[in-house]
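Just below is one structure, and these are the notes that go with it.
The values are calculated or read from the model by the stated rules, or taken from the named source; none is laboratory data. Quick caveat: nothing in here was measured; it's all calculated off a predicted structure. Every residue, glycine among them, receives a Cβ derived from its backbone with ideal geometry; neighbour counts consider all protein chains shown.
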Amino acid sequence: MNNISNSSTPTSTDVSFSIGLFGFGTVGRGLYDVLQRLHTDRVSIRRVCVKHLERHRDADVCFTDSADDIFNDEKVNFIVELIDDDVAAYDIVCRALRAGLPVVSGNKKMLARHLPELICLQEETGAALLYDASACGSIPVIRNLEEYYDNDLLQSVKGILNGSSNFILSKVFNEGMGYAEALKLAQDLGFAESNPSLDIDGWDSLYKLIIVTMHAFGIYVAPEAIFTYGISRMNDYDIQFANEKQRRVKLVGTAEKIDDSHLSLSVMPHLISRQKYIYSVEDEFNGVVIKGLFYYKQFMFGRGAGGHPTGSAVLSDITARLYGYRYEYKKLRSDRQPAYTTDFSFRVYFRYTNPADRHLLTFEHVDETYTSATNNYLVGYVCMSELVQKAEQLRKADVFLAAYPLD
């Protein structure tokens, strides 16, 4: 891939941005609040586009329900997209780039599904797209992968990428709450939606993992090709099993080299031992462990949910652009990109209620078994390719699956 043109890159400290903002929900309002606190004259919100004008009368900004009002405003020179609708977000980002406007996006689903073409569009137009805030809230993981870990020594990036599911699991394992009670509390506090599937079934983590993988290893893998399994099927027996083994369940996104030329990706619960960094990542926080060939492990930790932490991360993207920053996608142009593979086996805990579900998976080797009138489990080795193939069946059955490493 050719270098993206820098002909329109701002470098002067005299540059200022007048923002056209799409969306004024939790993160949009968080960005507004952060800017109000900073009192900066280099970044300001000029117009905000929302669906329902009648809901937004309390902020001292100009609201509109028409995208044209923003794109036709000659004083708007920066677009920030913070809406839930991935289709509309894609249209907004493409329109901005084609107009030569720099843009920050927080829509991880849209980015995960369209990242290759958005990279090409940046190349064609010379406009920059930044989205560090989409991946891990307040943790600047993408920029670090781009600038610091920009070589072939990187071995893995894994961690807790979703604050809502981690909040639930923290309440379960730290305070003895039942799963249903912890989920309701997360919903009452605004950490989980009324339909929490995006968080607890792993989809939010999946989209973030795809984005992170592009910057960590330079390859794009479509969401459908990656094994994704959440915590919604976890029950009291699974919690008891983890406690007896002195482990905690964490929903983990993993991008890890199997060997020098192959990369594995997955989102699934892990039974985490006490000596692991992410064992102690609690509540709505995210934790990312980056492992290299010679520098071993480095740990990044921060809030992964909430309007102000994520709004601050959006502002960081904006101010980085004030000084001409853009992603270079160095690893995308590397001749040593690993190939995505599902051809490997690993150790899992598999709990099932219905005896017929025992045969959902083929175990290559079994370390431990238990049967009772109500719950049964196996600990053993399965192939990732079979999990990908049977992912939908596993999500629908009354079973729970978790990676269970030896250490």
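One line per residue, one yes/no per condition, for (1) of a type in the set (S, T, N, Q); (2) closer than 14 Å to Leu271 by Cα:
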{"site": "Asp204", "(1), (2)": "no, no"}
{"site": "Tyr207", "(1), (2)": "no, no"}
{"site": "Ile210", "(1), (2)": "no, no"}
{"site": "Phe217", "(1), (2)": "no, no"}
{"site": "Val221", "(1), (2)": "no, no"}
{"site": "Phe227", "(1), (2)": "no, no"}
{"site": "Asp238", "(1), (2)": "no, yes"}
{"site": "Asn243", "(1), (2)": "yes, yes"}
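If you go through the stretch 44-75 and keep only what is assigned to a helix (DSSP H, G or I), farther than 14 Å from Ile19 by Cα and among the hydrophobic types (A, V, I, L, M, F, W, C), you end up with just Leu53.
Of all residue pairs spaced 6 or more apart or on separate chains, those with beta-carbon atoms under 7 Å, a first member in the stretch 379-407 that is assigned by TED's automatic domain parsing to the domain that holds Phe227 and under 11 Å from Leu360 (Cα atoms) and a second member that is basic (Lys, Arg) and not in a loop (DSSP other than H, G, I, E, B) are Val399/Arg351. Taken over the stretch 41-65, the criterion of being hydroxyl-bearing (Ser, Thr, Tyr) and loosely packed, with under 15 Cβ neighbours inside 10 Å is satisfied by Ser44 alone.
Within the stretch 276-296, residues that are within 16 Å of Glu256 (Cα to Cα) sit with their Cβ atoms under 8 Å from residues that are at pLDDT below 90 and of a type in the set (Phe, Trp, Tyr), at 6+ positions apart or across chains, in these pairs: Ile290/Tyr149; Gly292/Tyr149. Would you confirm whether any residue within the stretch 131-142 is under 23 Å from Ile239 (Cβ atoms) and touching a helix residue (DSSP H, G or I) at 6+ places or on another chain (Cβ under 7 Å)? No, the stretch 131-142 contains no residue that is under 23 Å from Ile239 (Cβ atoms) and touching a helix residue (DSSP H, G or I) at 6+ places or on another chain (Cβ under 7 Å). Any residue in the stretch 237-255 that is free of Cβ contacts under 8 Å to residues at least 12 places away in the same chain and acidic (Asp, Glu)? Yes, because at least one residue in the stretch 237-255 is free of Cβ contacts under 8 Å to residues at least 12 places away in the same chain and acidic (Asp, Glu). From the list Val366, Val314, Val348, the lone residue that is of a type in the set (A, V, I, L, M, F, W, C), crowded, with 18+ Cβ neighbours inside 10 Å and in the same structural domain as Ser156 (by TED's automatic domain parsing) is Val348.
Let's see how each residue does on (1) aromatic (Phe, Trp, Tyr); (2) more than 24 Å from Trp203 (Cβ to Cβ); (3) not in a helix (DSSP H, G or I):
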| site | (1), (2), (3) |
| --- | --- |
| Tyr237 | yes, yes, no |
| Ala242 | no, no, no |
| Lys250 | no, no, yes |
| Gln275 | no, yes, yes |
| Glu282 | no, no, yes |
| Gly287 | no, no, yes |
| Ile290 | no, no, yes |
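The residue pairs whose first member lies in the stretch 339-359 and is assigned to a helix (DSSP H, G or I), whose second member is not β-branched (Val, Ile, Thr), and whose beta carbons are closer than 8 Å, counting only pairs six or more residues apart or on different chains, are Pro355/Asn376; Asp357/Ala397; Asp357/Asp398; Arg358/Tyr352; Arg358/Asn376; Arg358/Leu378. Looking only at the stretch 372-395, filter to residues that are modelled with pLDDT under 95 and of a type outside the set (A, V, I, L, M, F, W, C); which one of those is nearest to Ser232 (Cα to Cα)? Applying the filter and picking the extreme gives Asn375.
Selection of the stretch 369-407 for residues being polar (S, T, N, Q), more than 20 Å from Val249 (Cβ to Cβ) and either surrounded by 15 or more Cβ atoms within 10 Å (Cβ to Cβ) or within 25 Å of the chain's Cα centre (by Cα) (or both) yields Ser385, Gln389, Gln393. Might you let me know whether the stretch 177-187 holds any residue that is among the charged types (D, E, K, R), over 16 Å from Asn235 (Cα atoms) and surrounded by fewer than 24 Cβ atoms within 10 Å (Cβ to Cβ)? Within the stretch 177-187, not a single residue is among the charged types (D, E, K, R), over 16 Å from Asn235 (Cα atoms) and surrounded by fewer than 24 Cβ atoms within 10 Å (Cβ to Cβ). Every condition in (1) out of contact with any Leu (no Cβ under 7 Å at 6 or more places or on another chain); (2) surrounded by fewer than 21 Cβ atoms within 10 Å (Cβ to Cβ); (3) in contact (Cβ under 8 Å) with a residue 12 or more places away in the chain is met by Asn195 except one, and the failing one is (3).
Based on what the data block shows, is Ile19 touching a Phe, Trp or Tyr at 6+ places or on another chain (Cβ under 7 Å), at pLDDT 95 or above, of a type outside the set (Phe, Trp, Tyr) and not in a helix (DSSP H, G or I)? It is true that Ile19 is touching a Phe, Trp or Tyr at 6+ places or on another chain (Cβ under 7 Å), at pLDDT 95 or above, of a type outside the set (Phe, Trp, Tyr) and not in a helix (DSSP H, G or I).
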